[in-house]
Structure formats: structure tokens, C-alpha cells
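None of the figures in this text is laboratory data; all of them are computed from the coordinates on show. The structure displayed is predicted, hence computed values, not measured ones. Positions of Cβ are generated from backbone atoms using ideal geometry, with glycine treated the same way; all protein chains shown enter the neighbour counts.
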2 protein chains.
Amino acid sequence: MTQSLLKVLSGEPVNPPPVWFMRQAGRHLPEYMKIRATARDFIDFCFSPNKAAEVTLQPIRRYDMDAAILFADILLVPIALGRDVRFVKGTGPVLDPLKVEDIAKLGNDMDVLKPVYETVSRVRAELDDHKTLIGFCGGPWTVATYMIEGRGSPTKEIPKRFAYDHIQEMDELLSRLADASADYLIEQAKAGADALKIFESWAEGLPPQQFDRLVIAPTRQIIDRVRAAGITKPIIGFPRGAGLNALRYARELDIQCCAAGTDVPLKAFRQSVPDGMAIQGNLDPLALRMGGDVLRHAVQNVLDTASGPHIFNLGHGVTPDVKIENVHAVISHIRTGSGNYV
Amino acid sequence: MTQSLLKVLSGEPVNPPPVWFMRQAGRHLPEYMKIRATARDFIDFCFSPNKAAEVTLQPIRRYDMDAAILFADILLVPIALGRDVRFVKGTGPVLDPLKVEDIAKLGNDMDVLKPVYETVSRVRAELDDHKTLIGFCGGPWTVATYMIEGRGSPTKEIPKRFAYDHIQEMDELLSRLADASADYLIEQAKAGADALKIFESWAEGLPPQQFDRLVIAPTRQIIDRVRAAGITKPIIGFPRGAGLNALRYARELDIQCCAAGTDVPLKAFRQSVPDGMAIQGNLDPLALRMGGDVLRHAVQNVLDTASGPHIFNLGHGVTPDVKIENVHAVISHIRTGSGNYV
């Protein structure tokens, strides 16, 4: 096995740990902004294999990251289910809020996602053999919160109420999302993705019983369907903000890595996840943005507290105001023990 | 000792557990709305001892709760520090956002809080001996997020950046808040509060090192100052949403009870907090609002998973659309094993 990240995902510690950053292809990179400006809108961008492949590869070229993550969005799957998704500048994603009666009418046009698989195969063809390509989808609950509220929901109050008020329909929605997400991951794996990640970005604040029902159950459905299709590639689960519920998520699901958000103390986390499970995370993007000694200490703290198989990453995405020099410095720090922080 | 809640706070399990609800005095009660309508605004309401005492006592009369919680707000302390705080209907609290240069100019007019102590002593005088009166303050970090952003902050992005960008000033702000909050709790205790609670409502999403600096350190400062004043009354800490960081909070602070938000699996929580520490929580207010079998199962789940010294409560405040019959049913369920859920 030549990919250090896959080695970690197989349960073997690697020193120094492989590193990649969530949203490493993004607005902090001038070369990204240049390509972004040529796309009609964000969805058109995601569905343009030449452009999406190019920005997926940019951070590998600039930073020599150990992994590329497919450039796409967790809200492409609702499009396959026939929902209208727009990205509005300054606001983020906007969807027509899903009504209870819309759930029975959801479509299943998985062909709209084909350009994504084309992106995956282009990236894999261009990427060095020892670099890992990570495919992904959103967690069903997280995607459902956007569909129900029609946009990012700070409190998740509306989808949480929906989940209590319309039990059968909510379970149906999550099941539809789980099947579509699984099929989406299966095709990404077939097109060349080496590992798969499930982003449950809004895993926080759910009562344990609702977490089991709304997060763990549909995620298990995804993984079972992926495995039933003969895909054995490793899966990274990311139950962001789930607190103690993340430990059940790590224990009960067939995942090879549990990713940690910024709020997770890695030492306690390592002791709580199953033996030999890889962990990923969890540098604070705001420390990355700060740079200087704050960043140096934060990086050292992650290195000091993460033992066992570990993938170095942020706990959340790179912010647009991060300095490129500081990304270089972090990678140098990880690989050589020191970095030129600014 | 005749108060069952104080017995639990001393580390002794009580069966059935004592019960009270966060925001038990609130908009779901018609008798509350009646008094509320006589106040000029929310702050005037909090600073009117006769009105505040009356609504504090209402849920005890109606529901026979085991504890009354002082009717006040965590944003009264910023008023003592000279900041302008308004409550805008439909928006919630609005403050003039604190600038870095404002921190050195903060006042310290603790006399404005005197009506609150008058409320405490009136309530204690009217309350049965076996009922507990809980006083409270906000956690310094939580109060600081409101002061810095000028209102409730869904992502806490602005205060989190402030904490990195202005390290010395942020620590100064938290220290000022800690001292004022401690003095506020000391006076509440002297006026008759039997137990004290620190509401760190926005404890989620902080990197562990920032959690230690922004939450644990100033909370320790509060507790040390309260204890130094000779107040030995039990303290309940509530690091809502803090996930694994809550375990360090429970272990490192001189608190007698750690309260759990809705997202906490009580069984795992019990196993993780120090031996003999009381826990409180964590019924989902949205389950309380749902009623019926959903609520019955949720209540039973809390009773089944919370062992040791436990105070039954919600994981968050009562919502205005809760049915009074269901509050009665929960209390009956806890005390007799069954309730008439609607």
C-alpha cells in the first residue's frame, strides 16, 4: 500500500501523519478564484468536470497535501431527488422548503450526478499514486435539515420539530436520502475514489434517541448499501458537534475513521473510540487564520494529543481569510517539526 | 435536611428524583402572561421584585415543582457593567456591540442588581421549607458572546474571532464578568437562595484549549470568589452543548452538579463525571411539546438512564407552546410511575 492515508485508515499509525484540510480547494486560493469566476454559478461549477477536477487538484499542487477531496457539495443529492437548490451569494444555499406532502413525490434522477463521477475519474487519472482521492456525501440528517428549512438552520428547530411531528414521513425522507447517497458513493468509488467520507455537519444538539434514529440509522443504511454493492473502500464518518453521541456513532457504525470537529479533546476522543480506529482532525480554522504563535501551539497540541492512527486535518473548513504561508507552515511543522508561521 | 433537591446536591440519590424545569415560569403559563402584561418591558419585569417573585412562585403553586428558579436574566450583569441591554419583541436581547476599547471603560454599579436580591428574599419567605430556591448567573463566556456580538450569536464566529484577536482584552472582559457574577451570586445566596446555577448556555463548538481559557478559567474565578466569601451553598454548572469538554468542566470545577443539555446520553455522562456528583437533565423540550407516547417514552428514558444523584429537568427551556397537562403528566410519571399524557 503506497498511500499513507489509506495506511492510517487500515488502522496503522503513520508518523508524520498524513494531512489534508477540509475546504482546501476554496476561496483562500487565488487559482481557485480564477476558475470559480468562469462558472455560471456554484452548481454549474460542481457539475463541470474539467473545472471541478482542476480545483480539486490545486491544493495538491500548491501544498503537496496527502489527499485530494472531490470538489462538490453535499446539496447535490437533493437535486437528484428533484428538489430545486440555488446558491445565493452572501446567503449560501437556498432550497424550496420541503413540505410533508412533497416527500412522497421525491424523484430519483441519479443521472444528474454523472458529471461528478467524471470529475472523480479525471482527478484520479491525474493524481500521483501515493495521494488519496476522497469522495463524499452529506449525512442524511444534515441534508434533510437544509431541505426542510430551505437553508442552513442555526438552531435546527424547524427540522427537529418536523422529525417529531411527522415521524413516518421523516423516516421516509431519511431513507430516500440514504439510498441516493449510497448510490452516489458507490459510483464515486467505482470512478476512482479511494476513500469515502460522510459529512454529518449538523450532528449537534440531538437527544440521544433522536440521534440514533435520525443520524445513526440512516448512516448505517448508507454503509450497508455501499458494502452490499461490493465496495470495500474505507469510510470516514464526521458527526460534527455530536459530543458524547459521537462515541456511539464511532462504535456502532462500520466506519474506519471518526473525524473530530474543533471542539473535541483528541486525547479523550482517542480513548473513547474503538481500538485501532483512525481519527481525523481537529485544528481550529480560526487558529489557522490567526497564524503566529497561536497557530504553532494549536498545531503542536493536535500532534501531542492525537495518538494511534491519525489524519491531520482541521475541525471545520478553511476560511477565506487564511494566509497561504500559514497553510505551508502547518504542513512543514507536521512533516519537519517546524514551520514559518506569519 | 428537608429539601430533596439539596439532598441530591449533597451526593445522595433520591427516589423519585426532585424535579424542576428550566423556564418553568414562562409564556406557556396564562398566569405568567397576565403579570408579564403589567411590566413596561422585560428588564423592568426582572427588576420588579413583586412581579418577579410572583412569577417565580407560580410554577411551584401550579405544578408542585421541587425547586423555584429566580426569575431574572443572564444579561442583567452587563447592565451592572454599564452596558445598554434591551429586549426586542421577536428578536430577543439587543446590546450595543462591545468594542475592544470599551472593555477598559466598563463600569461596576452592582447596586442596579439590588431588586433581584429583594426578589430572592421575597420568594424564600413565601416558599415552603422543603422547596429549594435556585439563584443563578450566566457563564462569563456566554454573557461575553452577547456583549460582543450585540445579540444571540448562532455561530459565535464573531466572539470566537474576538477571543483570538484580542487576547488580553478578552481575558480582562471575562475576569470582569466573573467578579461581577460572583458578587451577584454571593448576594443572591445571602438573600436566601439555597443553591446557585451557572448557565453556560453557549459552551458548544469551542476548541478544548479555548474552552479551558474562556469557560473553565473564568468559571473557576466565580466559584473561588463565592467560596472565599464564605458561601458554601451547592453550585450547579451547566456547560450546554460542550460535549467531551463538559467532562473536564465537571472534573476540574468545584461544582456539586453538572447539568446536561438535550444531547447528552445520561448513562455515558453518569459514568464520566466524578463519582457521587449530581447530574441534572435532560428531557428534550420538543418531546415535552409533542406530548403523547413520544413524551412518555422520553421521560421513561431519562428515568432509566440517569442513575445516582439526579435532578429531573429539561435539557433546555420550556417552549411557549407546551401544554400544561403534559407538564402535570411528566411530574405524575416521575412521582407515581404514570401520567396522563395528551
> Rg and Dmax of the range A:204-342, Cα atoms, in Å?
Replying inline: 16.4, 49
> What residues qualify as long-range amide H neighbours of residue A:69, i.e. H under 5 Å apart, gap of 5 or more or another chain, H built at 1.01 Å from N?
Replying inline: A:134
> Residue-wise, which Karplus ³J(HN,Hα) couplings in Hz belong to the range B:38-48, taking 6.51 cos²θ - 1.76 cosθ + 1.60, θ = phi - 60°, and x for glycine or proline?
Replying inline: 8, 8, 5, 8, 5, 6, 4, 4, 4, 9, 10
> Which entries of A:89/B:99; A:323/B:105; A:131/A:156; B:131/B:267; B:34/B:197; B:105/B:190 show an alpha-carbon separation above 31 angstrom in the structure shown?
Replying inline: A:323/B:105; A:131/A:156
> Given H placed 1.01 Å from N in the peptide plane, which residues other than close sequence neighbours of residue A:200 have an amide H under 5 Å from its amide H?
Replying inline: A:139, A:238, A:240
> Between residue B:310 and residues 5 or more places away or on another chain, which pairs have amide H atoms under 5 Å apart, with H built 1.01 Å from N, and which residues are they?
Replying inline: B:14, B:279
> By count of other Cβ within 10 Å, fewest leading, how are B:165, B:129 ordered?
Replying inline: B:129, B:165
> Which whole number gives the average, over all residues in B:201-209, of C-beta atoms from other chains lying within 10 Å of the residue C-beta?
Replying inline: 6
>> If each label sits 7 angstrom from Cα along the C-beta direction, how far apart, in nm, is residue A:337 from its counterparts in the other copies?
In response: 6.8
> When a footprinting reagent is the concern and you count Cβ atoms within 10 Å, what order do B:87, A:312, A:136 take, fewest first?
Replying inline: B:87, A:136, A:312
> Exposure proxy check: A:249, B:164 ranked by fewest other beta carbons within 10 Å?
Replying inline: B:164, A:249
>> Of all beta bridges DSSP finds with both residues in chain B, what is the antiparallel percent, to the nearest 5?
In response: 15
> What average number of partner chain Cβ atoms lie no more than 10 Å from the Cβ of the residues making up B:164-170?
Replying inline: 2
> From the label point of residue B:300, set 7 Å from Cα along Cα→Cβ, how far away are the matching label points in the other copies, in nm, ordered shortest to longest?
Replying inline: 5.5
> So what are the ³J(HN,Hα) numbers for the range A:24-35, from phi and the Karplus equation (6.51, -1.76, 1.60; θ = phi - 60°), rounded to whole Hz, Gly and Pro as x?
Replying inline: 5, 8, x, 5, 6, 9, x, 5, 5, 4, 5, 5
>> List, shortest first and in nm to one decimal, how far the label point of residue A:168 (7 Å from Cα along Cα→Cβ) is from its counterparts in the other copies.
In response: 6.6
> When the gyration tensor of the range B:4-336 is built from Cα positions, what are the square roots of 5 times its three eigenvalues, in whole Å, from largest to smallest?
Replying inline: 29, 23, 19
>> Let me understand the protein assembly as shown better: what is its radius of gyration from the alpha carbons, and its Dmax, in angstrom?
In response: 25.7, 78
> Gaussian network model of chain B, Cα springs within a sub-10 Å range: biggest mean-square fluctuation belongs to which of B:279, B:198, B:103?
Replying inline: B:103
> Membrane-span-like helices in chain A: DSSP H runs reaching 27 Å or more (Cα, own axis), mean Kyte hydropathy at least 1.6?
Replying inline: none
> Of A:56, A:130, A:98, whose Cα points farthest to the positive end of the dipole of the range A:1-142 (charges on the beta-carbon: +1 Lys, Arg; -1 Asp, Glu; origin at the Cα centre)?
Replying inline: A:56
